[in-house]
Amino acid sequence: MIDSHPQFAVVGHPNKGKSSIVSALALDDSVHISDVPGTTTKQRSFPLKVDGVILYELLDTPGFQRARRVLAWLQKHEVSADKRQDIVQKFINVHQFDPKFNDEIQLLTPVMAGAGIIYVVDASKPYGEEYEAEMEILRWTGQPSMALLNHIEDTDYSVQWKRALGQYFKMVRTFNPMKTDRLQHISILESMSQLKEEWIAPVKKSIVLFERYQKQMIHQSASKISRLLEESLGLIEKRSCDSDKVEEKDKEAVEIQYKSHLRLLEKETQKKIEKIWNHASVKKEQALLTFDELDLFSEESAAVFGLTRKELMITGVTSGAMTGAGIDLVFAGHTLLLGGIIGAVVGGTGAYFGFKELSEIKVLGQRVGTYSVQIGPMKNKNFPYILLGRAIFHAYHIATRSHAIRDIEDLSMDSTLKEQWLTDTLRKSLESSHKIFRSGDTIGVEVGESYTLLVEDILEKLIQRIEE
Ligand SMILES: Nc1nc2c(ncn2[C@@H]2O[C@H](COP(=O)(O)OP(=O)(O)O)[C@@H](O)[C@H]2O)c(=O)[nH]1
Ligand SMILES: [Mg+2]
């Protein structure tokens, strides 16, 4: 084969998880996955590219439809083992345009062109003789092959499957396409490289590049999160009003505008991060992982992600009264985040402390007779932790989400996540950046860079942790 990168054809019976495995290994969520058998009628190639270089290529193929008839055709040509490959090639040549054998032609063509075979079975269903024709045909191709045991359901028949598969395939491995796990991925790549001697070197290189690629994605995500914090905390929202006597409605309106702008910045960052991790092709219009049940400004969000009273004090971050000319215009908290009973999650711990106001609202006189009301930059000291906590939670889930999963998920809360990454020392390092971000004046300050590194470190540790 002229191509220098390894190619693997993922083949098997319909509806056994072939396309899911292609998605997971190619880190590509545009692979068509369906629980309707036989939806794939053409083979499709999914290369894993890093910096424009193809590391390896997965071929998604239709499942076998008429394996017994194909095998019967092959066996009619009684030949010695060394000629079997030629017979398979002859089958392809003769039936190239025969719609009856479309699926077999689609899957056998790349195999005969040199792709390694990955035969997928669902080991949550019992083994059956009907698979033998498929495995026998694959054996006739004479191409290097391995079998992957997938479990679509929780039942396990892998013992009987292994006994049968072992007679046809040198290697039999278990793989769960719904789980992302760098180690599982690397270990399967290593097995794949064993199929052909000349693939060992390129696949080894792929593994190195793959790990570098992961680091890049973590870095880029951290950089987006850093941008989010900087932009959100420095955000200023303005609205014109009729006189210097600001009415309640003007205050309310500017606050609503401010909050929706902050929510939008968060959503946009989520989408960007999903794109970084190749999770963008599903449902482009909305974020894949959402916090629909947990608004950015909700008490629950403050309880799960915000600092407790104690943490605020240790960090030297207490909200206190807001000072300055705007004091009487400060939102007294009546519409803001106070109403409602603080839920059980909040308890009496004071998690809510310091989250009464977001920022002051000022009235600015502009040209004669025109006034505007302004809110921002962020004054609330707890808000940055809430925003950051949510961003980290989202990025961590995206980074560890398999490309074979297609649903939009509403993130269910793990209220212990914060404890897993937010240490006392880290809080102090974050605080000095938050302070600068909150001033809204970050021009010429290299704060974004160092903040990115902090976030990168948090993400890396969280992602690594699930692999241990
Ligand atoms: N829970 C679970 N579902 C799976 C797994 N693998 C595949 N599926 C589901 O099984 C169905 C068929 O999967 P697909 O990858 O399209 O199979 P293909 O026809 O062999 O390509 C889809 O609904 C998948 O979501 C798995 O490991 N676990
Ligand atoms: Mg498929």
Given charges at Cβ of Lys, Arg, Asp, Glu: region 71-208 dipole, positive-most of 183, 80, 106: 183
Helical contribution to [θ] at 222 nm, DSSP H n ≥ 4, -39,500 (n - 2.57), averaged over the chain, rounded to 500: -14500 deg cm²/dmol
0 to 90° range, to nearest 10: angle between helix 447-467 axis and the chain longest Cα axis: 40
Residue 211-residue 79 pseudo-label distance in nm [points 7 Å out on the Cα-to-Cβ vector]: 4.5
Calculated FRET efficiency for the pair residue 238/residue 416, C-beta based, R₀ 35 Å, to 0.05: 0.30
Dipole moment magnitude, nearest 20 debye, the chain about Cα centre, only Lys, Arg, Asp, Glu C-beta charged: 720
Principal-axis tilt of helix 102-112 within the chain, Cα atoms, nearest 10 degrees: 90
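In the chain, carbon and sulfur make up what percent of the accessible area (probe 1.4 Å)?
Here carbon and sulfur together make up 51 percent of the probe-accessible area.
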Options 8, 150, 52, ranked by Cα towards positive dipole end of region 7-195, top entry (Cβ charges): 8
Per-pair calculated FRET efficiency, R0 = 25 Å: residue 298 and residue 256 via Cβ, rounded to 0.05: 0.95
Extension gain (nm, one decimal) between residue 129 and residue 174, 0.36 nm per residue minus Cα-Cα: 14.1 nm
Selection of trypsin sites (Lys or Arg not before Pro), region 1-68, meeting DSSP coil and at most 16 other Cβ within 10 Å: 42, 66
Space enclosed by the convex hull of the alpha-carbon atoms of region 132-201, per residue, Å³: 98
Distance in nm between pseudo-label sites at residue 97 and residue 15 (7 Å out along the Cβ direction from Cα): 3.3
Two-site FRET efficiency, residue 45 against residue 409, from Cβ-Cβ distance with R₀ of 22 Å, rounded to 0.05: 0.15
Accessible area per residue, Å², the chain with all protein chains present, probe 1.4 Å: 47
Entries in 381/461; 271/362; 238/267 that, when Cα-Cα distance is taken, lie over 31 Å: 271/362
Shape call, region 168-254: gyration tensor on alpha carbons, a/c limit 1.5: prolate
In Hz, Karplus ³J(HN,Hα) per residue of region 79-85 (6.51, -1.76, 1.60; θ = phi - 60°; x = Gly, Pro): 9, 6, 4, 5, 9, 4, 3
Nearest 10 degrees, 0 to 90: helix 383-399 Cα axis against the chain principal axis: 0
Inter-label distance, nm, simple model (7 Å from Cα along the C-beta direction), residue 425/residue 183: 2.6
Taking the C-alpha atoms of the chain, convex hull volume expressed per residue in Å³: 187
Share of Cα-Cα pairs in region 76-159 lying beyond 23 Å, as whole percent: 31
Given 259/379; 16/205; 18/162, the pairs whose alpha carbons are separated by over 21 Å: 16/205
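The values are calculated or read from the model by the stated rules, or taken from the named source; none is laboratory data. Computed from a predicted model, the values in this text were never measured in an experiment. Glycine also receives a Cβ, built like all others from the backbone with ideal geometry; neighbour counts cover every protein chain displayed. SASA here: full protein model, heavy atoms, side chains in, ligands and nucleic acids out. Shrake-Rupley method; radii C 1.70, N 1.55, O 1.52, S 1.80 Å.
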